[in-house]
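The values are calculated or read from the model by the stated rules, or taken from the named source; none is laboratory data. No experiment lies behind these values; they were computed from the predicted model shown. All Cβ positions, glycine included, derive from the backbone under ideal geometry; neighbour counts span all protein chains shown.
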Amino acid sequence: MTGTFTAWPALRERLSKSRFRSRFRLSKADRAYIARVGWEAIAAHSRKIVGERLTPAEPRNDGRQTPMRGHPVFIAQHATATCCRGCLAKWHAIPAGRALSAEEVEFVVSVHLAWLREAAGDLTSFPTQETLGL
Ligand SMILES: [Zn+2]
């Protein structure tokens, strides 16, 4: 993603007022993973996770479909209230009970990337694909 995601500052401000949302952090392993795979891969993972777990009108296990760990995008989902259709409705005014539009999917992906870039901070001390020779 290039350019600025203009909706992010106001959303970040709202999320910062929730003790639950603001307690989520990336682990060192999460940050190392992001450095290793790169932001394009993280964006692709976000798009896939949103497509599979949030996009259907009636997602499987809605409300419980997002693990608390295992991928940085899952952490971003809890931190940004994009973990289930209930939270998407309550926080982002995206109604439940219908499939997400392509624009809504891209909005959620943009929210994930905005949060992850800030939460990851400076990744230059971690090995990348290039330095690992992958
Ligand atoms: Zn939720």
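For region 55-64, the criterion of a residue being closer than 22 Å to ARG12 by Cβ, modelled with pLDDT of 95 or more and touching a helix residue (DSSP H, G or I) at 6+ places or on another chain (Cβ under 7 Å) is satisfied by no position. Taken over region 29-59, the residue count meeting the criterion of being under 24 Å from LEU123 (Cα atoms) and in a helix (DSSP H, G or I) is 20. When we screen ARG19, ARG23, ARG47 for residues that are charged (D, E, K, R) and touching a residue at least 24 places away in the same chain (Cβ under 8 Å), the only hit is ARG47.
Quick grid of which residues meet (1) under 23 Å from GLU130 (Cβ atoms); (2) under 16 Å from the mean Cα position of the chain (by Cα); (3) surrounded by 15 or more Cβ atoms within 10 Å (Cβ to Cβ):
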position	(1), (2), (3)
LYS17	no, no, no
ILE42	yes, yes, yes
VAL50	no, yes, yes
LEU54	no, yes, yes
PRO72	yes, yes, yes
ILE75	no, yes, yes
HIS78	no, yes, yes
ALA81	no, yes, yes
CYS87	no, yes, yes
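Residues in region 65-95 that are within 10 Å of the ligand (Cβ to nearest atom) and not polar (S, T, N, Q): HIS78, ALA81, CYS83, CYS84, ARG85, GLY86, CYS87, LEU88, ALA89, LYS90, TRP91. Take ILE75 and decide whether it is touching an Asp or Glu at 6+ places or on another chain (Cβ under 9 Å) and closer than 27 Å to PRO127 by Cα. Yes: the conditions hold for ILE75.
Is at least one residue of region 19-28 within 17 Å of TRP115 (Cβ to Cβ), surrounded by fewer than 18 Cβ atoms within 10 Å (Cβ to Cβ) and away from the ligand (no atom under 16 Å from the Cβ)? Looking for residues that are within 17 Å of TRP115 (Cβ to Cβ), surrounded by fewer than 18 Cβ atoms within 10 Å (Cβ to Cβ) and away from the ligand (no atom under 16 Å from the Cβ), one finds at least one in region 19-28, hence yes. Within region 20-67, the residues that satisfy the criterion of being among the aliphatic types (A, V, I, L, M) and within 23 Å of GLU104 (Cα to Cα) are ALA41, ILE42, ALA43, ALA44, ILE49, VAL50, LEU54, ALA57. Criterion applied to ASP122, ASP62 was being within 15 Å of the ligand (Cβ to nearest atom), surrounded by fewer than 20 Cβ atoms within 10 Å (Cβ to Cβ) and outside any helix (DSSP H, G or I), and the one residue passing it is ASP62.
Tell me whether region 97-116 contains one or more residues that are of a type in the set (A, V, I, L, M), more than 15 Å from the ligand (Cβ to nearest atom), surrounded by fewer than 11 Cβ atoms within 10 Å (Cβ to Cβ) and in a loop (DSSP other than H, G, I, E, B). Within region 97-116, none of the residues are of a type in the set (A, V, I, L, M), more than 15 Å from the ligand (Cβ to nearest atom), surrounded by fewer than 11 Cβ atoms within 10 Å (Cβ to Cβ) and in a loop (DSSP other than H, G, I, E, B). Taking every residue in region 73-95 that is free of Cβ contacts under 8 Å to residues at least 24 places away in the same chain and in a loop (DSSP other than H, G, I, E, B) and pairing it with any residue that is within 11 Å of the ligand (Cβ to nearest atom) and not β-branched (Val, Ile, Thr), at least 6 positions away or on another chain, the pairs with Cβ-Cβ distances below 8 Å are CYS83/GLN65; CYS83/GLN77; ILE94/ARG85; ILE94/LEU88; PRO95/ALA89.
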